[in-house]
Structures are given as structure tokens and as C-alpha cells.
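Asker: Sharing a structure here in C-alpha cells format.
The values are calculated or read from the model by the stated rules, or taken from the named source; none is laboratory data. Because the structure is a prediction, the values reported are computed rather than measured. Backbone-built Cβ (ideal geometry, glycine too); neighbour counts: all protein chains shown.
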Amino acid sequence: MEPAIKLMPGVSKWDVRQKVWDYMEENNLANFPRPVHCRIPNFKGAYEVCSKIKNLDSFIRTREVKVDPDKPLEGVRLATLQARKILLVPTPRLRTGLFNKIVPPPGASKEVLRVCSTAQGVKDFSVPVGLDAKVHVDLVVVGSVAVSDKGWRIGKGEGFADLEYAMMVSMGAVDENTVVVTTVHDCQLLDIPEELMDDHDLTVDYILTPTQVIKTDCKRSKPQGIIWSKVDSEMMEKIPILKSLQFRERKAGKDVTLRDERLMEKKELQRLLVVRKPSGKGGNTAKIKTNPIEVTRNSEASEEQMESGCKMQLNAPSRVTAVYMGNIPHSLRVSELKIILRDHNALPLRLNWQGAQHRAFLDYKDEVTAEEAVTSLAGLSISGSMIRVELARSQRGNRSRSQTTEETSKQLLV
């Protein structure tokens, strides 16, 4: 079957999402909630598609199923409860843990089970599952914005499905035999280029649509655990369970250095390696200069001293640095810009939106992180507009925080 949506060479994940969302809206292919933009689409026929999961051997044999909380997967949650299997759902935005277990009341009727499968039921009939719980998930069901018959999957851009799976690997809740399924409308089946896939992206084994059941035979490995070099300090604060997993993996001897820590260490090591020539008297003394740290020893500084200097620098207070984004299309929404920034690993501390002026200011915790964001966003094009991205001039940053009431930009925490 030819894909309903054609992709041009060089598309980004954002382009793919936008094409799917636009197509589904233009052709009225979704139910509430609308519009489908920035959502996992609740496509028409989703409930009927969900019932197909009951015929999969992997569902029949499974004991524990983890299902995402998206509206189009409500039917999968109901089928799981009706089959008397253990149903696990992620906690909202992972704020209080990894997942909750749905526990229907004893002797629950079909109607009560249906309520348990809804978003409200997840709130009313669930209990938290701790990291130490003996959980083994045989089947994972995720929502998608787009998927290919090769198993490549694109979500709505927040990365929670990928991170949840990586966290389950870390706690030993999934293994190489765990099956991943998604449900989509046929129009969401696209020829997604493999080069868009990263090593943290979750692939799928089965795709259920209104007309097909596709076994992907995907050969690409699923996430092998949390990639700490892609996690930053802000994410650690927003998702407290990551701290517990980081502690466990550090104790097990794994490298759990965060993304922003790596960037800072790299830059500080480069500074520390600026070595003066030996002075005349008093032996062969070299000074490795840092600001404000100076490390001195005969001949040259040891790695231990340099690393110590880096750690001292890391503990020093950092200064927020702003990045300027210009030429932003008037039609772009703040929520859509956030997704684009997530795709490029460029999430800021704050986003100062000035849509009427077609620009935004992104606040990062320090100059290192800001420069990395500029590099990551270089060459960015949105809806045909080439976006201008650069470190903001100090007077721009000051002005954006001291505008009159009429010009005040929205302060949006990402």
C-alpha cells in the first residue's frame, strides 16, 4: 500500500509530525481531542483497532502489559483488564515514579472496567509501583504520530515513551523478548528515513491499523538503557525517579555523567590544557591557567589536578546565557517550538516568546550549554523559513526583560 503522505528528502522529525497532523485535520480523520497537533492523534476507528491486540500471540501469552495513557489506546487498556492481565500505565510526565498499576475493584463489571481504562479511571483505580517491585513487562503498547513498516517510530516529540522504555531496561523490567506494539491510522504509515532514528528511539515490532496487522521484523536494537549523556540537570529535577536510577547505576560502576556536566568538563579541560612555557629559575615549572583556578606543579599538571580543577569550576555559580531565535514563522505556536527544541536536544531553562516580532529568546544555565544549543540548531528551517540562531547580544537580553507592559513577552517554563 502506497503511503498517503509523501516525504521529501531531507525531512526532519518535526516535518514528519507536521505533515501527519495537517493531513489528519484537513481530512477529518480524528476524534476528540482536536486539533491533533502536538498530540498522539485519537484517529477514527482507534477503539476497533485496539481490539485487534487480543489476537496477537504476544498478547495472549503475556502476563503484564504496559500501555501508554493516550486516548487512542483506551481500548488496549480495556482489553488488558478484561483479559485479567496486569495493566501498568506511566505516571503523568513521570513526576512521581515510573508507572502505576491499575487495580479494579473486586468483581468489577464490564462498565467499571471500561471506566478503569479511561484517564479518570487511571487516577481513581491505580497504585504506584516502586523501583524495587518485581516487575517484568512482556508487552509494551505505545502511541505514535508516524511509523514505518520497518518499525521506525516518531512520537509527539516529548520523548517520554523512549525514556520510559530506557528506564524499564535500567530497572530490569524489560528484556530482548519484550514486544512493542503501536496503533495508528493507515495514513500514519510513512516511509520514514532511517537516518532520522537515534540510538535512544524506541522501535516497534507490530503495527495495528484499521486495515492491517503488520509485523515489522525490525532489526534495529531498542534502547539498551538510559543514555545519561543525553540527560541534563533540568530533566533530573523534573523527573525525580532519574536520581534514584542514576544512584543505582553509579553504584554499579556505570558512567552516569550528565550532558551538561560533560560539556562543562570538556570546556574546562580545554582551558586547563593552555600551558605556559617553563620559567627560568627554580626548575622546570609549568603553570596551567584557569579562571579563577591556577594549578602548578613541576613539569606539568597531572590529570588528577586538572579534573579537580574542573570539579571546582563546576561548583562555581554559572550565569544564565540567552540565545536569540529570529525569522520564526507567524503560524508557529509555542508548543510546537518546544517540540522542535526537544528534537534538537536544545531545551532551555526558560523560553521568552515574542511571536509578534517573529522571535524568541532561550535562556540556558551557562555559556557552554547555550553555545551547544546554537550549534545544534544551526541550519534549522521551519515551514520554509530559515531560522536565525545566535547568542543574544546583552542589550537584547536586557531589553527583553525590561519591556513595557504592551511589549512584555510570555515567560514560559519548558
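A quick yes/no check of all residues on (1) free of Cβ contacts under 8 Å to residues at least 12 places away in the same chain; (2) outside any helix (DSSP H, G or I); (3) within 16 Å of the chain's Cα centre (by Cα):
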residue: ALA161; (1), (2), (3): no, no, yes
residue: VAL204; (1), (2), (3): no, yes, no
residue: ILE214; (1), (2), (3): no, yes, no
residue: GLU234; (1), (2), (3): no, no, yes
residue: GLN246; (1), (2), (3): no, no, no
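Asker: Give me a count of the residues in the stretch 29-81 that are among the hydrophobic types (A, V, I, L, M, F, W, C), over 28 Å from the mean Cα position of the chain (by Cα) and surrounded by fewer than 22 Cβ atoms within 10 Å (Cβ to Cβ).
Answerer: So the count comes out to 2.
Asker: Of the residues VAL103, VAL129, only one is over 30 Å from LYS19 (Cβ atoms) and either among the charged types (D, E, K, R) or surrounded by 16 or more Cβ atoms within 10 Å (Cβ to Cβ) (or both); which?
Answerer: None of the others qualify; the one that does is VAL129.
For (1) of a type outside the set (D, E, K, R); (2) assigned to a strand (DSSP E or B); (3) at pLDDT below 95; (4) crowded, with 22+ Cβ neighbours inside 10 Å, each residue gets a yes or a no:
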residue: VAL169; (1), (2), (3), (4): yes, no, yes, no
residue: ASP175; (1), (2), (3), (4): no, no, yes, no
residue: CYS187; (1), (2), (3), (4): yes, no, no, no
residue: ASP199; (1), (2), (3), (4): no, no, yes, no
residue: SER221; (1), (2), (3), (4): yes, no, yes, no
residue: GLY225; (1), (2), (3), (4): yes, no, yes, no
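Asker: Just checking, does the stretch 57-66 include any residue being over 20 Å from ILE239 (Cα atoms), free of Cβ contacts under 8 Å to residues at least 40 places away in the same chain and either of a type outside the set (Phe, Trp, Tyr) or assigned by TED's automatic domain parsing to the domain that holds ALA166 (or both)?
Answerer: Yes, the stretch 57-66 contains at least one residue that is over 20 Å from ILE239 (Cα atoms), free of Cβ contacts under 8 Å to residues at least 40 places away in the same chain and either of a type outside the set (Phe, Trp, Tyr) or assigned by TED's automatic domain parsing to the domain that holds ALA166 (or both).
Asker: Looking only at the stretch 346-368, which residues are of a type in the set (A, V, I, L, M), within 29 Å of LYS19 (Cβ to Cβ) and not in a helix (DSSP H, G or I)?
Answerer: Of everything in the stretch 346-368, those that are of a type in the set (A, V, I, L, M), within 29 Å of LYS19 (Cβ to Cβ) and not in a helix (DSSP H, G or I) turn out to be ALA346, LEU347, LEU351, ALA360, LEU362.
Asker: Let me ask you something else. With SER117, SER170, SER126 as the choices, which residue is of a type in the set (S, T, N, Q) and either closer than 27 Å to PRO9 by Cβ or touching a strand residue (DSSP E or B) at 6+ places or on another chain (Cβ under 6 Å) (or both)?
Answerer: Details: SER117 fails: either closer than 27 Å to PRO9 by Cβ or touching a strand residue (DSSP E or B) at 6+ places or on another chain (Cβ under 6 Å) (or both); SER170 fails: either closer than 27 Å to PRO9 by Cβ or touching a strand residue (DSSP E or B) at 6+ places or on another chain (Cβ under 6 Å) (or both).
Of the residues listed, the single one that is of a type in the set (S, T, N, Q) and either closer than 27 Å to PRO9 by Cβ or touching a strand residue (DSSP E or B) at 6+ places or on another chain (Cβ under 6 Å) (or both) is SER126.
Asker: Shifting gears a bit: Filter the stretch 369-398 for residues that are over 21 Å from the mean Cα position of the chain (by Cα), assigned to a helix (DSSP H, G or I) and in contact (Cβ under 8 Å) with a residue 60 or more places away in the chain; which is surrounded by the fewest Cβ atoms within 10 Å (Cβ to Cβ)?
Answerer: Applying the filter and picking the extreme gives ARG396.
Asker: I need a count of the residues in the stretch 112-132 that are at pLDDT 90 or above and farther than 15 Å from PRO69 by Cβ.
Answerer: 4
Asker: Among the candidates ILE328, ILE339, single out the residue that is buried (at least 20 other Cβ atoms within 10 Å of the Cβ), over 26 Å from MET236 (Cβ atoms), in the same structural domain as ALA392 (by TED's automatic domain parsing) and modelled with pLDDT of 85 or more. Write out each step before concluding.
Answerer: Numbers: ILE339 fails: over 26 Å from MET236 (Cβ atoms).
Residue meeting the stated conditions: ILE328.
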